[in-house]
Amino acid sequence: MKNGLIAYTDRDSNNHQNIFLINLDGTGRRQLTNGADHGLPCWSPDGQKLAYTARDPASGLPSICTMNIDG
């Protein structure tokens, strides 16, 4: 949890595990990733990025990725 947000994984409507953000009060749920299965997110020390694992669609191998929390 950083910046009053919780990052977590959940299944989307296509049954893919994606990363979501939600406010501490349970409002403002936002999907950050789409279309592939992603691992559990981990906050950067400054709270501005998330690191997570994702499977490369071409090779099937996992890789470590980062993204800004603003998308």
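Can you find a residue in segment 51-63 that is more than 10 Å from the chain's Cα centre (by Cα), surrounded by fewer than 12 Cβ atoms within 10 Å (Cβ to Cβ) and outside any loop (DSSP other than H, G, I, E, B)?
For segment 51-63, residues more than 10 Å from the chain's Cα centre (by Cα), surrounded by fewer than 12 Cβ atoms within 10 Å (Cβ to Cβ) and outside any loop (DSSP other than H, G, I, E, B): present.
Determine which member of the set ASP70, ASP56, ASP25 is of a type in the set (Asp, Glu) and more than 15 Å from LEU5 (Cβ to Cβ).
It is ASP56.
Determine if segment 10-31 includes at least one residue that is in contact (Cβ under 8 Å) with a residue 12 or more places away in the chain, in a loop (DSSP other than H, G, I, E, B), polar (S, T, N, Q) and open to solvent by less than 90 Å² (accessible area, probe 1.4 Å).
The answer is no, given that none of the residues of segment 10-31 is in contact (Cβ under 8 Å) with a residue 12 or more places away in the chain, in a loop (DSSP other than H, G, I, E, B), polar (S, T, N, Q) and open to solvent by less than 90 Å² (accessible area, probe 1.4 Å).
Sort out which residues of segment 37-47 are surrounded by 13 or more Cβ atoms within 10 Å (Cβ to Cβ) and assigned to a loop (DSSP other than H, G, I, E, B), and write them in order of number.
Across segment 37-47, the qualifying residues are ASP37, GLY39, LEU40, PRO41, SER44, GLY47.
The values are calculated or read from the model by the stated rules, or taken from the named source; none is laboratory data. Computed from a predicted model, the values in this text were never measured in an experiment. Quick reminder, even Gly has a Cβ in these numbers, built from the backbone with ideal geometry, and neighbours come from all protein chains shown. We work out accessible area using only protein heavy atoms, side chains counted, and drop any ligands, DNA or RNA first. Shrake-Rupley method; radii C 1.70, N 1.55, O 1.52, S 1.80 Å.
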